[in-house]
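The values are calculated or read from the model by the stated rules, or taken from the named source; none is laboratory data. Just so we're clear, the structure is a prediction, and the values are computed from it rather than from any experiment. Because the Cβ atoms are built from the backbone with ideal geometry, glycine has one as well, and the counts that use them run over all protein chains shown. Note: areas computed on protein heavy atoms with side chains; ligands, DNA, RNA excluded. Shrake-Rupley method; radii C 1.70, N 1.55, O 1.52, S 1.80 Å.
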Amino acid sequence: MMTVIFAVIVWAINASGVSESAKAALRFLVIEVGVVLGLVGTILGHGGAEGLSFGPFNPTNSITGIGGLGTGMLWGILMFIGFESVSTLGEEAKSPKRNIPIALFSAVIVIGVFYVLTSYAAAVGFGQSGADAFAADQSPWTTLANKFWGASWALVLTVLASQFANFISGTNAVVRVIFSMGREGILPRILGRTSKRQVPQFALTCYLAFGLVFVLVLGSLTDPLTLYGFAGTILGLGMVVIYILLSISVIRFYRKEHPTEFGIWRHGIIPVATALMMLLPLWGQISPVPAFPNNLAPYIIAIWILIGVGYLMYLKRKKPELVTAMGRVFEEDPSPGESPDGSSAPEPSKATSAVSTTKPKASMEDGRQS
(Lines give C-alpha, C1' and ligand atoms only; values in the text may rest on other atoms or scores of the structure.)
Protein backbone atom coordinates (compact mmCIF):
# COMPACT_ATOMS: atom_id res chain seq x y z
CA MET A 1 0.00 0.00 0.00
CA MET A 2 2.83 2.39 0.87
CA THR A 3 4.37 1.79 -2.58
CA VAL A 4 1.11 2.66 -4.33
CA ILE A 5 0.73 5.83 -2.24
CA PHE A 6 4.32 6.83 -3.06
CA ALA A 7 3.70 6.28 -6.77
CA VAL A 8 0.49 8.34 -6.79
CA ILE A 9 2.13 11.24 -4.94
CA VAL A 10 5.17 11.20 -7.22
CA TRP A 11 2.94 11.06 -10.32
CA ALA A 12 1.04 14.14 -9.11
CA ILE A 13 4.24 16.04 -8.33
CA ASN A 14 5.90 15.20 -11.66
CA ALA A 15 2.70 15.89 -13.60
CA SER A 16 2.74 19.44 -12.22
CA GLY A 17 5.80 20.21 -14.38
CA VAL A 18 9.55 19.97 -14.15
CA SER A 19 9.92 23.23 -12.24
CA GLU A 20 7.53 22.26 -9.45
CA SER A 21 8.86 18.71 -9.23
CA ALA A 22 12.44 19.99 -9.01
CA LYS A 23 11.47 22.33 -6.16
CA ALA A 24 9.77 19.47 -4.32
CA ALA A 25 12.81 17.22 -4.74
CA LEU A 26 15.06 20.02 -3.48
CA ARG A 27 12.98 20.44 -0.31
CA PHE A 28 13.27 16.73 0.47
CA LEU A 29 16.99 16.86 -0.33
CA VAL A 30 17.58 19.70 2.12
CA ILE A 31 15.92 17.69 4.89
CA GLU A 32 17.97 14.60 4.07
CA VAL A 33 21.34 16.34 3.87
CA GLY A 34 20.70 18.42 6.98
CA VAL A 35 19.88 15.45 9.21
CA VAL A 36 22.69 13.26 7.86
CA LEU A 37 25.28 16.02 8.27
CA GLY A 38 24.02 16.53 11.82
CA LEU A 39 24.66 12.86 12.61
CA VAL A 40 28.05 12.99 10.87
CA GLY A 41 29.04 15.98 12.99
CA THR A 42 28.01 14.12 16.14
CA ILE A 43 30.02 11.01 15.21
CA LEU A 44 33.15 12.96 14.34
CA GLY A 45 32.72 15.20 17.37
CA HIS A 46 32.72 12.13 19.62
CA GLY A 47 35.80 10.76 17.85
CA GLY A 48 33.90 7.79 16.44
CA ALA A 49 33.89 4.45 18.25
CA GLU A 50 37.67 4.05 18.55
CA GLY A 51 39.08 7.43 17.60
CA LEU A 52 39.57 9.08 14.21
CA SER A 53 42.09 7.56 11.81
CA PHE A 54 42.81 7.09 8.10
CA GLY A 55 42.03 3.38 8.35
CA PRO A 56 38.84 3.58 6.25
CA PHE A 57 40.96 4.84 3.32
CA ASN A 58 43.34 1.85 3.45
CA PRO A 59 42.35 -0.73 0.76
CA THR A 60 43.94 -3.54 2.79
CA ASN A 61 41.14 -3.16 5.33
CA SER A 62 38.62 -4.59 2.88
CA ILE A 63 37.24 -7.65 4.70
CA THR A 64 36.83 -9.65 1.47
CA GLY A 65 39.88 -8.46 -0.47
CA ILE A 66 39.89 -6.97 -3.95
CA GLY A 67 36.47 -8.46 -4.72
CA GLY A 68 35.05 -6.56 -1.77
CA LEU A 69 36.45 -3.32 -3.18
CA GLY A 70 34.74 -4.14 -6.48
CA THR A 71 31.40 -4.72 -4.77
CA GLY A 72 31.83 -1.52 -2.79
CA MET A 73 32.65 0.37 -5.96
CA LEU A 74 29.52 -1.04 -7.62
CA TRP A 75 27.36 0.33 -4.82
CA GLY A 76 29.31 3.57 -4.87
CA ILE A 77 28.40 3.92 -8.54
CA LEU A 78 24.80 3.05 -7.73
CA MET A 79 24.68 5.82 -5.12
CA PHE A 80 26.23 8.24 -7.65
CA ILE A 81 23.78 7.42 -10.45
CA GLY A 82 21.68 10.46 -11.25
CA PHE A 83 24.36 13.15 -11.49
CA GLU A 84 24.18 12.91 -15.27
CA SER A 85 20.38 13.06 -15.34
CA VAL A 86 20.51 16.86 -15.33
CA SER A 87 21.30 16.64 -19.04
CA THR A 88 17.87 15.13 -19.73
CA LEU A 89 16.28 18.44 -18.70
CA GLY A 90 18.25 20.43 -21.27
CA GLU A 91 15.19 21.10 -23.42
CA GLU A 92 13.35 22.68 -20.50
CA ALA A 93 16.26 24.65 -19.05
CA LYS A 94 17.17 28.27 -19.66
CA SER A 95 20.51 28.68 -21.48
CA PRO A 96 21.25 24.93 -21.26
CA LYS A 97 24.66 25.16 -22.95
CA ARG A 98 25.83 27.22 -19.99
CA ASN A 99 23.69 26.00 -17.08
CA ILE A 100 23.68 22.23 -17.73
CA PRO A 101 27.51 21.83 -17.57
CA ILE A 102 27.64 24.01 -14.44
CA ALA A 103 24.95 21.88 -12.77
CA LEU A 104 26.63 18.66 -13.91
CA PHE A 105 30.11 19.40 -12.58
CA SER A 106 28.75 21.02 -9.42
CA ALA A 107 26.74 17.89 -8.70
CA VAL A 108 29.78 15.64 -9.17
CA ILE A 109 31.93 17.71 -6.79
CA VAL A 110 29.30 18.23 -4.08
CA ILE A 111 28.03 14.63 -4.16
CA GLY A 112 31.58 13.28 -4.13
CA VAL A 113 32.57 15.30 -1.07
CA PHE A 114 29.32 14.42 0.71
CA TYR A 115 29.72 10.68 0.11
CA VAL A 116 33.37 10.60 1.18
CA LEU A 117 32.54 12.48 4.37
CA THR A 118 29.52 10.35 5.30
CA SER A 119 31.23 7.06 4.42
CA TYR A 120 34.21 7.98 6.57
CA ALA A 121 31.94 8.95 9.46
CA ALA A 122 30.04 5.66 9.20
CA ALA A 123 33.28 3.64 9.17
CA VAL A 124 34.79 5.35 12.21
CA GLY A 125 31.39 5.23 13.90
CA PHE A 126 31.63 1.43 13.94
CA GLY A 127 35.41 1.40 14.40
CA GLN A 128 37.99 -1.05 13.10
CA SER A 129 36.86 -3.79 15.48
CA GLY A 130 33.28 -3.34 14.28
CA ALA A 131 34.08 -3.70 10.56
CA ASP A 132 32.32 -7.08 10.30
CA ALA A 133 29.27 -5.72 12.11
CA PHE A 134 29.28 -2.70 9.78
CA ALA A 135 29.34 -4.94 6.72
CA ALA A 136 26.54 -7.17 8.04
CA ASP A 137 24.28 -4.35 9.25
CA GLN A 138 21.35 -3.82 6.88
CA SER A 139 20.62 -0.38 8.33
CA PRO A 140 23.95 0.95 9.64
CA TRP A 141 22.81 4.56 9.87
CA THR A 142 19.94 3.54 12.16
CA THR A 143 22.47 1.75 14.34
CA LEU A 144 24.70 4.84 14.38
CA ALA A 145 21.76 7.13 15.19
CA ASN A 146 20.76 4.95 18.14
CA LYS A 147 24.39 4.79 19.30
CA PHE A 148 25.28 8.49 19.08
CA TRP A 149 21.86 10.16 19.36
CA GLY A 150 20.00 7.61 21.45
CA ALA A 151 17.10 7.61 18.96
CA SER A 152 16.52 7.03 15.25
CA TRP A 153 13.14 8.65 14.54
CA ALA A 154 14.77 11.64 12.82
CA LEU A 155 16.68 9.28 10.57
CA VAL A 156 13.50 7.40 9.64
CA LEU A 157 11.96 10.68 8.48
CA THR A 158 15.17 11.41 6.60
CA VAL A 159 14.99 8.08 4.79
CA LEU A 160 11.42 8.86 3.69
CA ALA A 161 12.48 12.32 2.49
CA SER A 162 15.45 10.78 0.66
CA GLN A 163 13.26 8.23 -1.07
CA PHE A 164 10.86 10.93 -2.23
CA ALA A 165 13.72 13.08 -3.54
CA ASN A 166 15.26 10.13 -5.40
CA PHE A 167 11.89 8.97 -6.71
CA ILE A 168 10.95 12.41 -8.03
CA SER A 169 14.33 13.20 -9.59
CA GLY A 170 14.82 9.74 -11.06
CA THR A 171 11.34 9.73 -12.55
CA ASN A 172 11.92 13.15 -14.11
CA ALA A 173 15.10 11.95 -15.80
CA VAL A 174 13.83 8.58 -17.04
CA VAL A 175 10.52 9.99 -18.28
CA ARG A 176 12.35 12.61 -20.39
CA VAL A 177 14.42 9.87 -22.02
CA ILE A 178 11.31 7.77 -22.71
CA PHE A 179 9.55 10.85 -24.10
CA SER A 180 12.46 11.65 -26.43
CA MET A 181 12.59 8.08 -27.71
CA GLY A 182 8.85 8.11 -28.30
CA ARG A 183 9.03 11.46 -30.09
CA GLU A 184 11.72 10.14 -32.43
CA GLY A 185 9.86 6.89 -33.09
CA ILE A 186 12.31 4.56 -31.35
CA LEU A 187 9.55 3.68 -28.89
CA PRO A 188 5.78 3.94 -29.58
CA ARG A 189 5.01 7.52 -30.55
CA ILE A 190 2.26 7.84 -27.96
CA LEU A 191 5.07 8.14 -25.41
CA GLY A 192 6.20 11.29 -27.21
CA ARG A 193 2.95 13.15 -26.57
CA THR A 194 2.55 15.87 -23.97
CA SER A 195 -0.27 17.40 -21.99
CA LYS A 196 -1.49 20.98 -22.35
CA ARG A 197 1.08 21.93 -19.70
CA GLN A 198 3.86 20.47 -21.86
CA VAL A 199 4.35 17.53 -19.48
CA PRO A 200 5.01 14.07 -21.02
CA GLN A 201 2.20 12.45 -19.05
CA PHE A 202 1.92 9.36 -21.25
CA ALA A 203 5.56 8.49 -20.65
CA LEU A 204 5.19 9.36 -16.96
CA THR A 205 2.14 7.13 -16.48
CA CYS A 206 3.65 4.19 -18.37
CA TYR A 207 6.91 4.40 -16.44
CA LEU A 208 5.26 4.50 -13.02
CA ALA A 209 2.86 1.71 -14.00
CA PHE A 210 5.82 -0.46 -15.04
CA GLY A 211 7.59 0.37 -11.79
CA LEU A 212 4.54 -0.56 -9.73
CA VAL A 213 4.16 -3.91 -11.47
CA PHE A 214 7.87 -4.64 -11.01
CA VAL A 215 7.84 -3.81 -7.30
CA LEU A 216 4.52 -5.43 -6.43
CA VAL A 217 5.17 -8.67 -8.31
CA LEU A 218 8.75 -9.20 -7.15
CA GLY A 219 7.95 -7.76 -3.74
CA SER A 220 5.41 -10.54 -3.23
CA LEU A 221 8.17 -13.11 -3.77
CA THR A 222 10.81 -11.72 -1.40
CA ASP A 223 11.39 -9.17 1.36
CA PRO A 224 11.86 -5.44 0.65
CA LEU A 225 15.59 -5.28 1.46
CA THR A 226 16.39 -8.26 -0.77
CA LEU A 227 14.40 -6.70 -3.62
CA TYR A 228 16.13 -3.35 -3.07
CA GLY A 229 19.54 -5.01 -3.22
CA PHE A 230 18.60 -7.03 -6.31
CA ALA A 231 17.23 -4.04 -8.21
CA GLY A 232 20.17 -1.92 -7.09
CA THR A 233 22.67 -4.52 -8.27
CA ILE A 234 21.04 -4.69 -11.70
CA LEU A 235 20.93 -0.91 -12.01
CA GLY A 236 24.50 -0.42 -10.77
CA LEU A 237 25.93 -3.15 -12.96
CA GLY A 238 24.03 -1.88 -15.98
CA MET A 239 25.38 1.62 -15.46
CA VAL A 240 28.93 0.26 -15.18
CA VAL A 241 28.54 -1.33 -18.61
CA ILE A 242 27.11 1.93 -19.97
CA TYR A 243 30.00 3.95 -18.53
CA ILE A 244 32.51 1.58 -20.15
CA LEU A 245 30.79 1.85 -23.53
CA LEU A 246 30.53 5.63 -23.23
CA SER A 247 34.24 5.90 -22.45
CA ILE A 248 35.10 3.87 -25.52
CA SER A 249 32.64 5.82 -27.68
CA VAL A 250 34.34 9.11 -26.73
CA ILE A 251 37.52 7.90 -28.42
CA ARG A 252 35.71 6.80 -31.56
CA PHE A 253 33.52 9.91 -31.71
CA TYR A 254 36.39 12.40 -31.61
CA ARG A 255 38.65 10.34 -33.89
CA LYS A 256 35.92 10.02 -36.52
CA GLU A 257 33.70 13.10 -36.16
CA HIS A 258 36.11 15.74 -34.78
CA PRO A 259 39.67 14.60 -35.54
CA THR A 260 41.09 18.12 -35.28
CA GLU A 261 39.81 18.43 -31.70
CA PHE A 262 41.13 15.06 -30.57
CA GLY A 263 43.48 15.28 -27.58
CA ILE A 264 45.51 12.24 -26.59
CA TRP A 265 45.06 12.92 -22.87
CA ARG A 266 41.46 14.12 -22.75
CA HIS A 267 40.00 11.90 -25.47
CA GLY A 268 42.39 8.96 -25.27
CA ILE A 269 44.12 8.24 -21.97
CA ILE A 270 41.34 9.35 -19.61
CA PRO A 271 38.55 7.36 -21.35
CA VAL A 272 40.74 4.24 -21.46
CA ALA A 273 41.68 4.62 -17.80
CA THR A 274 38.01 5.10 -16.91
CA ALA A 275 36.95 1.98 -18.82
CA LEU A 276 39.67 -0.10 -17.13
CA MET A 277 38.68 1.23 -13.71
CA MET A 278 35.08 0.23 -14.33
CA LEU A 279 36.19 -3.40 -14.70
CA LEU A 280 36.73 -3.58 -10.93
CA PRO A 281 33.01 -3.56 -10.00
CA LEU A 282 32.40 -6.14 -12.73
CA TRP A 283 35.01 -8.34 -11.06
CA GLY A 284 33.22 -7.79 -7.76
CA GLN A 285 30.20 -9.60 -9.23
CA ILE A 286 32.32 -12.63 -10.07
CA SER A 287 34.67 -12.96 -7.12
CA PRO A 288 33.20 -13.66 -4.70
CA VAL A 289 29.94 -14.65 -6.38
CA PRO A 290 27.10 -12.83 -4.55
CA ALA A 291 24.22 -14.71 -2.99
CA PHE A 292 20.95 -15.37 -4.81
CA PRO A 293 19.27 -13.42 -6.40
CA ASN A 294 22.11 -10.89 -6.92
CA ASN A 295 24.16 -13.56 -8.70
CA LEU A 296 21.60 -13.39 -11.53
CA ALA A 297 22.33 -9.73 -12.26
CA PRO A 298 25.16 -10.27 -14.84
CA TYR A 299 22.97 -12.67 -16.84
CA ILE A 300 20.00 -10.31 -16.79
CA ILE A 301 22.20 -7.44 -18.00
CA ALA A 302 23.64 -9.62 -20.78
CA ILE A 303 20.15 -10.63 -21.96
CA TRP A 304 18.98 -7.02 -21.86
CA ILE A 305 21.96 -5.92 -23.97
CA LEU A 306 21.24 -8.65 -26.53
CA ILE A 307 17.62 -7.54 -26.74
CA GLY A 308 18.72 -3.93 -27.25
CA VAL A 309 21.24 -4.85 -29.95
CA GLY A 310 18.63 -7.01 -31.67
CA TYR A 311 16.11 -4.16 -31.66
CA LEU A 312 18.72 -1.77 -33.03
CA MET A 313 19.52 -4.18 -35.85
CA TYR A 314 15.80 -4.45 -36.60
CA LEU A 315 15.46 -0.67 -36.80
CA LYS A 316 18.52 -0.35 -39.04
CA ARG A 317 17.02 -2.87 -41.42
CA LYS A 318 13.35 -1.81 -41.34
CA LYS A 319 13.52 1.88 -40.41
CA PRO A 320 17.04 3.14 -41.13
CA GLU A 321 15.88 6.75 -41.22
CA LEU A 322 15.04 6.57 -37.51
CA VAL A 323 18.52 5.38 -36.61
CA THR A 324 20.13 8.04 -38.82
CA ALA A 325 18.06 10.82 -37.24
CA MET A 326 18.43 9.54 -33.69
CA GLY A 327 19.34 12.45 -31.42
CA ARG A 328 19.73 14.82 -34.38
CA VAL A 329 17.21 17.23 -32.89
CA PHE A 330 19.62 18.00 -30.05
CA GLU A 331 22.57 18.58 -32.37
CA GLU A 332 21.13 20.86 -35.01
CA ASP A 333 18.87 23.27 -33.17
CA PRO A 334 19.90 26.30 -31.11
CA SER A 335 19.57 26.04 -27.37
CA PRO A 336 16.70 27.67 -25.49
CA GLY A 337 17.53 31.27 -24.77
CA GLU A 338 20.03 31.43 -27.64
CA SER A 339 19.78 32.36 -31.27
CA PRO A 340 21.27 30.14 -33.98
CA ASP A 341 24.50 32.12 -33.91
CA GLY A 342 24.87 31.57 -30.15
CA SER A 343 23.88 35.08 -29.05
CA SER A 344 21.25 35.69 -26.40
CA ALA A 345 17.65 35.59 -27.51
CA PRO A 346 14.47 36.69 -25.74
CA GLU A 347 13.00 34.14 -23.36
CA PRO A 348 9.84 32.41 -24.63
CA SER A 349 6.56 33.67 -23.35
CA LYS A 350 4.42 31.62 -20.99
CA ALA A 351 2.25 30.60 -23.89
CA THR A 352 5.23 29.15 -25.69
CA SER A 353 6.27 25.54 -25.34
CA ALA A 354 8.81 24.86 -22.60
CA VAL A 355 10.86 23.23 -25.31
CA SER A 356 12.40 26.10 -27.22
CA THR A 357 14.14 24.32 -30.06
CA THR A 358 12.29 24.19 -33.35
CA LYS A 359 11.95 20.46 -33.91
CA PRO A 360 10.99 19.46 -30.37
CA LYS A 361 8.41 22.24 -30.29
CA ALA A 362 6.82 20.92 -33.45
CA SER A 363 6.81 17.38 -32.12
CA MET A 364 5.19 18.41 -28.85
CA GLU A 365 2.58 20.44 -30.72
CA ASP A 366 1.80 17.40 -32.86
CA GLY A 367 1.48 15.35 -29.70
CA ARG A 368 -1.14 17.69 -28.24
CA GLN A 369 -3.16 17.66 -31.43
CA SER A 370 -3.04 13.89 -31.71
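Given a 1.4 Å probe and heavy atoms of the protein chains only, how would you sort 223, 132, 137, largest accessible area at the top?
Values: 223 75, 132 105, 137 40 Å².
My answer, sorted largest first, is 132, 223, 137.
With all protein chains in place and a 1.4 Å probe, the accessible surface of segment 1-48 carries 77 percent carbon and sulfur.
Shown here is the pair-distance distribution of segment 80-236: with all Cα-Cα distances grouped in 10 Å bins from zero up to the longest one, the shares run 9, 26, 32, 22, 10, 2 percent. Measuring only protein heavy atoms, the 1.4 Å probe finds residue 184 accessible over about 40 Å². Calculated FRET efficiency, residue 315 to residue 5, Cβ-Cβ distance, R0 = 35 Å: about 0.35 to the nearest 0.05.
What number comes out for accessible area per residue over segment 177-323 if the probe is 1.4 Å? Units Å², please.
63
Between residue 260 and residue 114, the FRET efficiency estimated from the beta carbon spacing at R0 = 56 angstrom works out to 0.90. Rolled with a 1.4 Å probe across the full set of protein chains, the surface gives residue 81 an accessible area near 50 Å². Solvent exposure of segment 1-153, expressed per residue, is 55 Å² of accessible area, with all protein chains present and a 1.4 angstrom probe. The Cα trace of segment 187-244 gives Rg and Dmax of 15.2, 41 Å, the first to one decimal, the second as a whole number. Of the residues 4, 175, the one with the largest accessible area comes first in the ranking 4, 175, computed with a 1.4 Å probe on protein heavy atoms. Taking all protein chains in place and a 1.4 Å probe, what share, in percent, of the accessible surface of segment 151-258 do carbon and sulfur account for? That share works out to 73 percent.
Ordering 46, 258 by accessible surface, largest first, gives 46, 258; the 1.4 Å probe counts only protein heavy atoms, with every chain in place.
Residue by residue, segment 178-186 carries 3J(HN,Hα) couplings of 4, 4, 4, 5, x, 4, 8, x, 6 Hz when phi is fed to the Karplus relation 6.51 cos²θ - 1.76 cosθ + 1.60 (θ = phi - 60°); x denotes Gly or Pro.
Just to be sure I follow: if Rg is taken over the C-alpha atoms of segment 170-275 and Rh is the Kirkwood radius over the same atoms, what is Rg/Rh? Each step should come with its number before you reach the end.
Working: Rg = 18.9 Å, Rh = 16.8 Å.
Dividing the radius of gyration by the Kirkwood radius yields 1.12.
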